[in-house]
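The values are calculated or read from the model by the stated rules, or taken from the named source; none is laboratory data. From a predicted model like this one, the values you see are computed outputs, not experimental measurements. With ideal geometry, Cβ positions are generated from the backbone for all residues, glycine too; neighbour counts draw on all protein chains shown.
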Amino acid sequence: MTQTLSPIHVIGGGLAGSEAAWQIAEAGVPVVLHEMRPERMTDAHKTQGLAELVCSNSFRSDDASTNAVGLIHAEMRKLGSLIMASGDAHQVPAGSALAVDRDGFSDAVTAALAAHPKVTIARGEITGLPPAEWDSVIIATGPLTSPALADAVRGLTGEDGLAFFDAIAPIVHFDSIDMSKAWFQSRYDKAGPGGTGADYINCPLDRDQYEAFIDALLAGDKTEFKEFEGTPYFDGCLPVEVMAERGRETLRHGPMKPVGLTNPHNPTVKPYGIVQLRQDNALGTLYNMVGFQTKLKYGAQADIFRMIPGLEQAVFARLGGIHRNTYLNSPKLLDGGLRLKAQPRLRFAGQITGCEGYVESAAVGLMAGRFAAAERLGKDIAPPPATTALGALLGHITGGHIVTIDAGPRSFQPMNINFGLFPPLDRAPKAEDGKRLRGKDKTIAKKKMLTARALSDLDGWIERNLPPQI
Ligand SMILES: Cc1cc2nc3c(=O)[nH]c(=O)nc-3n(C[C@H](O)[C@H](O)[C@H](O)COP(=O)(O)OP(=O)(O)OC[C@H]3O[C@@H](n4cnc5c(N)ncnc54)[C@H](O)[C@@H]3O)c2cc1C
C-alpha cells in the first residue's frame, strides 16, 4: 500500500532552494517550491527563472583533485545535483573553471523542476512565518530575503541572530604564517573566557613598514557598493582603508594598536603597529585578521596584506568584503541537520546559513533537501563526514567556527569552501621514492591526499546512508 506523504515546503527558488526541491522530489517526496519572482523582484534578480545567477556566470574551479571548490562540484555530481547537471549541460569555455551560459542554465533548472511529477512551483512571496500546518519547511531565500519574511525570522532568532550586512575580514591558513616573525600572545596576556592568554597571532610593523602599509591602503583599488546596498558602515565595522583615510594614525589607535604585547623575537624594540590574527575554526587551521574588514579589490588585498611581516607568504582561505547580505548566526541557532533549534520544523539552506557563493549555496541546499526528505520518510541520515567538502562546510556552519567576543562585527561571517575547513591529514605526503616533499610539491600532494580522502569517504557515506533503491 502506498502511503500519501504530505509535502515539504521550500521557500526561495534560487541556487539552494532549487537544489533542495530537486533532492526532495528525487527521493520520492512531494515538494512545493515557493518563489516570489516575478510577482516581487529582489534588487539583484532580473528574470523569473529559477536559480538565476545574479552576477558572475562562474562556478569557479572545476579541478576536483587540487581545489576545494572543484571537489565540492565532484561531490555534488555524485549526489545527483540538478545545479551541477544543468551547469555541465550549459558550460561555456573558461579554462579549468566551470562557467555557464546563465540563461541556458537557469532555463534548464526551471524546466527540470517544472517537469518533475513530485514538484509544484508556487509563485508568490511568503510574507511571514510559514503556516503552522507546514510541518517541514526549508527557508532558502538568500542574501536578499524579502523584508517581511526577514522580519518574521528575526522575531524568532532575536536581533543578533540575523544580520543584514556582512563585514568580512580576510582569513589566512595558519601554516602559511611565518612564526619566526609573528608570535602568539593576547594583549596584556589576558586569558578571557575559554582563552589561554596566548590566543592571538601578532605581526609587528616598524615605523617605515607601517607608513608604507598606510600608503598602500590609501592607494589600493576599492570596490564600490551597489546602489541598492547603501553604505552600511557602522561603529566597529569600518573598512581598514576607510580608517586609514580618516588619519594615518587611526589604525594605530584601532586594530593595529601596539600595546600590551612584547615581541619575543625582538623584546627590546617596541613595534610601531601590530596586526593581530585570531583563531577562526575549532581545528586551528584558519586565523582571521582582527578588524580588517575591507572593500579593497581581491588582488589589492593579497598584495597589500602580504606587506605585513609574517604574512609575506600568506595563503588566504577567504578575502575580505562588505556586502548587503541576510544571514543567520548559524553556529548558535542551527543544529547539525540545519534545523532551527527554536523551531525544528524550519530548516535553512543557502547563503542565509552563512555560506558564501553559488556553489556553496547549492551544496547546502542539497544537504537540507536530503535531510528533510529522509526525515519525512522516517529514515536516519548521518551528516556527510567532516573529511568531505560537504561535511566540512556543514560542520563550519553548524559548529566548527569559534565564536569570539571582541568588539566589532560578530565573529561568524560568510564562508566559502576551502581546505582550511578540513581536518588535517594523519600523515605527511611523501614522494614516490619515500622522500619528504617540500614547498609547492608538498602543497599539491597534500591537496591531492585531502581530495582523495574526501571522495572515498563520501562513497562510504553514500553506501551507508543512501542505499540504491531496489
Ligand atoms: C548582488 C550579489 C552578487 C553576487 N555575486 C556572486 C557571484 O558572482 N558569484 C557567487 O558565487 N556568488 C555571488 N553572490 C552570492 C551568492 O552566492 C548568491 O547570492 C546565491 O544566489 C545565493 O544562493 P541562495 O539560493 O542562497 O539565494 P538566491 O539565489 O538569491 O535565491 C533566493 C530566492 O528566494 C527568493 N525569495 C526571497 N524572499 C522570498 C520570499 N519571502 N518568498 C518567496 N521567495 C523569496 C528570491 O527571489 C530568490 O529567487 C552574490 C550575491 C549578491 C547579493
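The set of residues in the stretch 118-134 being out of contact with any helix residue (DSSP H, G or I) (no Cβ under 8 Å at 6 or more places or on another chain) and either within 11 Å of the ligand (Cβ to nearest atom) or in a loop (DSSP other than H, G, I, E, B) (or both) consists of A122, R123, G124, P130, P131, A132, E133, W134. Find all pairs meeting these conditions: Cβ atoms under 7 angstrom apart; at least six residues apart or on different chains; first residue within the stretch 48-61 and under 21 Å from I121 (Cα atoms) and touching a residue at least 40 places away in the same chain (Cβ under 8 Å); second residue within 7 Å of the ligand (Cβ to nearest atom) and in a strand (DSSP E or B). Listed by first residue and then by second, the contacts come to L50/E35.
Okay, residues lined up against (1) within 16 Å of the ligand (Cβ to nearest atom); (2) within 17 Å of D166 (Cβ to Cβ); (3) in contact with a helix residue (DSSP H, G or I) (Cβ under 6 Å, 6 or more places away or on another chain):
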residue	(1), (2), (3)
N288	no, yes, no
K295	yes, yes, no
N325	yes, yes, no
K332	no, yes, no
E356	yes, yes, no
L366	yes, no, yes
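Comparison of P143, P117, P147 shows that the only residue that is over 24 Å from G354 (Cα atoms) and either out of contact with any Lys or Arg (no Cβ under 6 Å at 6 or more places or on another chain) or buried (at least 16 other Cβ atoms within 10 Å of the Cβ) (or both) is P117. Is there a residue being at pLDDT 95 or above, among the polar types (S, T, N, Q) and within 16 Å of the ligand (Cβ to nearest atom) anywhere in the stretch 175-189? So far as the stretch 175-189 goes, no, none of its residues is at pLDDT 95 or above, among the polar types (S, T, N, Q) and within 16 Å of the ligand (Cβ to nearest atom).
D107 satisfies every condition listed in (1) away from the ligand (no atom under 13 Å from the Cβ); (2) surrounded by 19 or more Cβ atoms within 10 Å (Cβ to Cβ) except (2).
Condition check ((1) modelled with pLDDT of 95 or more; (2) assigned to a helix (DSSP H, G or I)) across all residues:
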{"residue": "T196", "(1), (2)": "no, no"}
{"residue": "I201", "(1), (2)": "yes, no"}
{"residue": "D208", "(1), (2)": "yes, yes"}
{"residue": "F213", "(1), (2)": "yes, yes"}
{"residue": "L217", "(1), (2)": "yes, yes"}
{"residue": "E224", "(1), (2)": "no, no"}
{"residue": "T231", "(1), (2)": "no, no"}
{"residue": "D235", "(1), (2)": "no, no"}
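Considering the stretch 49-81, and only residues there that are in a helix (DSSP H, G or I) and closer than 17 Å to I462 by Cβ, the residue that is farthest from the ligand (Cβ to nearest atom) turns out to be K78. Restricting attention to the stretch 135-162, and to residues there that are in a helix (DSSP H, G or I) and more than 10 Å from the ligand (Cβ to nearest atom), which single residue is nearest to E227 (Cα to Cα)? Going through the qualifying residues, I end up with D151. So, R306, is that one of a type in the set (D, E, K, R), free of Cβ contacts under 8 Å to residues at least 60 places away in the same chain and surrounded by fewer than 20 Cβ atoms within 10 Å (Cβ to Cβ) or not? Taking the combined requirement at face value, the residue satisfies it.
Do we have any residue at all in the stretch 389-409 that's touching an Asp or Glu at 6+ places or on another chain (Cβ under 7 Å), among the small types (G, A, S) and on the phi < 0 side of the Ramachandran plot? Within the stretch 389-409, one or more residues are touching an Asp or Glu at 6+ places or on another chain (Cβ under 7 Å), among the small types (G, A, S) and on the phi < 0 side of the Ramachandran plot.
Among residues of the stretch 356-369 that are closer than 13 Å to G142 by Cα and in contact (Cβ under 8 Å) with a residue 40 or more places away in the chain, those with a Cβ under 7 angstrom from a residue that is polar (S, T, N, Q) and more than 6 Å from the ligand (Cβ to nearest atom), sequence gap 6+ or separate chain, pair up as E356/N416; G357/N416; E360/N416; A362/S81; V364/T353. Selection over the stretch 263-282 of residues that are under 16 Å from the mean Cα position of the chain (by Cα) and outside any strand (DSSP E or B) gives a count of 2.
Identify, by number, the condition in (1) without any contact (Cβ under 8 Å) to a residue 40 or more places away in the chain; (2) within 15 Å of the ligand (Cβ to nearest atom) that H90 doesn't meet. It fails just one condition, (2). When I201, I177, I171 are checked against the criterion of being touching a residue at least 40 places away in the same chain (Cβ under 8 Å), closer than 30 Å to D62 by Cα, in contact with a strand residue (DSSP E or B) (Cβ under 7 Å, 6 or more places away or on another chain) and surrounded by 22 or more Cβ atoms within 10 Å (Cβ to Cβ), a single residue qualifies: I171.
Residues in the stretch 32-48 that are under 20 Å from G128 (Cα atoms), at pLDDT 95 or above and more than 6 Å from the ligand (Cβ to nearest atom): 6 in all. Looking for whichever is in contact with a strand residue (DSSP E or B) (Cβ under 8 Å, 6 or more places away or on another chain) and buried (at least 18 other Cβ atoms within 10 Å of the Cβ) here; the options are F292, F228. Which one fits? Criteria check complete, one pass: F292.
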